[in-house]
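Enquirer: First the structure, which I've put down as structure tokens, then a few questions once you've had a look.
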Amino acid sequence: MNIVISKVLKIWAIPCLYLLQFTLSAQSKDTTTSELNFSGSVDTYFRTNFYGDKFDSPATSFANLPGFALGMVNIVAEQHTTHGGMVADLVFGPRGTDAVFASPYYSATGNIINQLYAYWNASDELVITLGNFNTFIGYEVISPVDNFHYSTSYLFSYGPFSHTGLKADYAINENQSFMIAVMNPTDFTEMNNVNLYTYGIQYGIGGSYLSALYGKQAENLSETFQLDYTGSYDIKSSFSLGVNASYNNTPLSGGFCGVALYPSATLSKALALGLRGELFHELKRGGPVYGSGTTTLDFTITCAYTDDNLRLIAELRLDECSEPQFNTYANSNLSSLILAAVYSF
């Protein structure tokens, strides 16, 4: 316990001293309070395979139920002042349940909380956040509103979803940012009774972010280390490219590495076409998805039509594994179709 406390104190000593320097200037700001704003989304979908068992699906998160299925209702309440603010992000439905899979652990309603945090604007450059927030690792996110594709990648599904802890975001200048965090074990969002902590760091420049995460996720495991890179580039006004590369390893237990590319083109004001090409390799010491040493390719083609707040999505997906995984382990590939509707408000 003393070692953990010592580590935390060392990590946060410099930020705390920096906070003291800016306390008076922060308190001298005008306290302008915004209205309590509500936003959110509703999503639903139809999914089918072109052959094989209808219950077969890629071992990735969300959008894996057969036939007509539900996503989630997402309701977000936010309020901001010049000194800080808060976010309460609630989810209901299958996608929401999968997103907060480690809850409820203590409270009966922990499984509807996607994010719950308060933050303090210590200065114009420094923001301190305390609470439960979605991960800073990876390219894709939980909300379907902020993803181009409706189904999700392997890199997203087996990285962290959310963290509970304390983080400090510092804007170096208009183009660069830096973040450090101390958190509970990954996805352990309601509380921490195992006396283990995970540490995070991120450097951002332009539309690119290099992030790292380190710490024991369970008492019987060694420390997990993940290094992750994401980038978003506007090649032309109508064409963009997203990139995600990640390496995740827990010695003696296993992990993965992989890369995903996200090219997308705007065909008209309402119509867009995009591709996700992903290579996902599971380490030989132990694979979290299909098994040690397995390599999986994910090719997803998505056509999206947007009409005001409504987004209609048609998605063709092909998963190809180096070993048979689908149709009762008879086939190494699976092709599927998803039709989805996402309404944001």
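The values are calculated or read from the model by the stated rules, or taken from the named source; none is laboratory data. Since the model is a prediction, treat every value here as computed from it, not as a measurement. Note that each Cβ is placed from the backbone with ideal geometry, even for glycine, and that neighbours are counted across all protein chains shown. Just so you know, the surface numbers come from the protein's heavy atoms only, side chains and all, with ligands and any DNA or RNA stripped out. Shrake-Rupley method; radii C 1.70, N 1.55, O 1.52, S 1.80 Å.
Enquirer: Return yes or no: is MET183 more than 17 Å from the chain's Cα centre (by Cα), within 17 Å of ASN114 (Cα to Cα) and not charged (D, E, K, R)?
Expert: Working: more than 17 Å from the chain's Cα centre (by Cα): no; within 17 Å of ASN114 (Cα to Cα): yes; not charged (D, E, K, R): yes.
In short, no.
Enquirer: Working only within segment 161-191, note down all residues that are in a loop (DSSP other than H, G, I, E, B) and crowded, with 16+ Cβ neighbours inside 10 Å.
Expert: PHE161, ASN184, PRO185, THR186, ASP187, PHE188, THR189, GLU190 - these are the residues of segment 161-191 that are in a loop (DSSP other than H, G, I, E, B) and crowded, with 16+ Cβ neighbours inside 10 Å.
Enquirer: OK, next. Here are some residues: TYR209, TYR199. Which one is hydroxyl-bearing (Ser, Thr, Tyr), open to solvent by 70 Å² or more (accessible area, probe 1.4 Å), in a strand (DSSP E or B) and more than 19 Å from SER151 (Cβ to Cβ)?
Expert: Details: TYR199 fails: open to solvent by 70 Å² or more (accessible area, probe 1.4 Å).
Answer to the check: TYR209.
Enquirer: Checking the conditions here, which among GLY131, GLY138 is on the phi > 0 side of the Ramachandran plot and in a strand (DSSP E or B)?
Expert: Values: GLY138 fails: in a strand (DSSP E or B).
Just a single option satisfies the conditions, and that option is GLY131.
Enquirer: Related question: What are the residue pairs meeting all of these: first residue in segment 319-330, first residue closer than 16 Å to SER292 by Cα and open to solvent by 70 Å² or more (accessible area, probe 1.4 Å), second residue modelled with pLDDT of 90 or more and assigned to a loop (DSSP other than H, G, I, E, B), Cβ atoms under 8 Å, and 6 or more apart or on different chains?
Expert: Close Cβ pairs (under 8 Å, with a partner that is modelled with pLDDT of 90 or more and assigned to a loop (DSSP other than H, G, I, E, B)) amount to GLU323/TYR290; GLU323/GLY291; GLU323/THR294; GLU323/SER332.
Enquirer: When you look at VAL259, is it surrounded by 15 or more Cβ atoms within 10 Å (Cβ to Cβ) and in a strand (DSSP E or B), yes or no? Explain how you work it out, then say what you get.
Expert: Details: surrounded by 15 or more Cβ atoms within 10 Å (Cβ to Cβ): yes; in a strand (DSSP E or B): yes.
Criteria met by VAL259.
Enquirer: Of all residues in segment 234-256 being open to solvent by 30 Å² or more (accessible area, probe 1.4 Å) and over 20 Å from GLY207 (Cβ atoms), which is nearest to the chain's Cα centre (by Cα)?
Expert: TYR247
Enquirer: Hey, can you tell me all the residues within segment 70-98 that are open to solvent by 50 Å² or more (accessible area, probe 1.4 Å), among the charged types (D, E, K, R) and farther than 23 Å from ASN49 by Cβ?
Expert: Within segment 70-98, GLU78 is the sole residue that qualifies.
Enquirer: Still on this model: Does segment 55-69 contain at least one residue that is open to solvent by 60 Å² or more (accessible area, probe 1.4 Å), more than 30 Å from GLU282 (Cβ to Cβ) and either modelled with pLDDT under 95 or of a type outside the set (Asp, Glu) (or both)?
Expert: Residues of segment 55-69 that are open to solvent by 60 Å² or more (accessible area, probe 1.4 Å), as a first pass: 55, 65, 68.
Keeping just the survivors that are more than 30 Å from GLU282 (Cβ to Cβ) gives 68.
Next, only the ones that are either modelled with pLDDT under 95 or of a type outside the set (Asp, Glu) (or both) stay: 68.
Yes; the residues of segment 55-69 include at least one that is open to solvent by 60 Å² or more (accessible area, probe 1.4 Å), more than 30 Å from GLU282 (Cβ to Cβ) and either modelled with pLDDT under 95 or of a type outside the set (Asp, Glu) (or both).
Per-residue answers, yes or no, for (1) of a type in the set (A, V, I, L, M); (2) closer than 30 Å to LEU241 by Cα:
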{"position": "VAL91", "(1), (2)": "yes, yes"}
{"position": "TYR106", "(1), (2)": "no, no"}
{"position": "GLY138", "(1), (2)": "no, yes"}
{"position": "VAL141", "(1), (2)": "yes, yes"}
{"position": "PRO144", "(1), (2)": "no, yes"}
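Listed here are the residues, each with its yes/no results for (1) touching a helix residue (DSSP H, G or I) at 6+ places or on another chain (Cβ under 6 Å); (2) open to solvent by less than 30 Å² (accessible area, probe 1.4 Å); (3) under 29 Å from ARG47 (Cα atoms).
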{"residue": "TYR106", "(1), (2), (3)": "no, no, no"}
{"residue": "ALA122", "(1), (2), (3)": "yes, yes, no"}
{"residue": "THR129", "(1), (2), (3)": "no, yes, no"}
{"residue": "SER143", "(1), (2), (3)": "no, yes, yes"}
{"residue": "TYR154", "(1), (2), (3)": "no, yes, yes"}
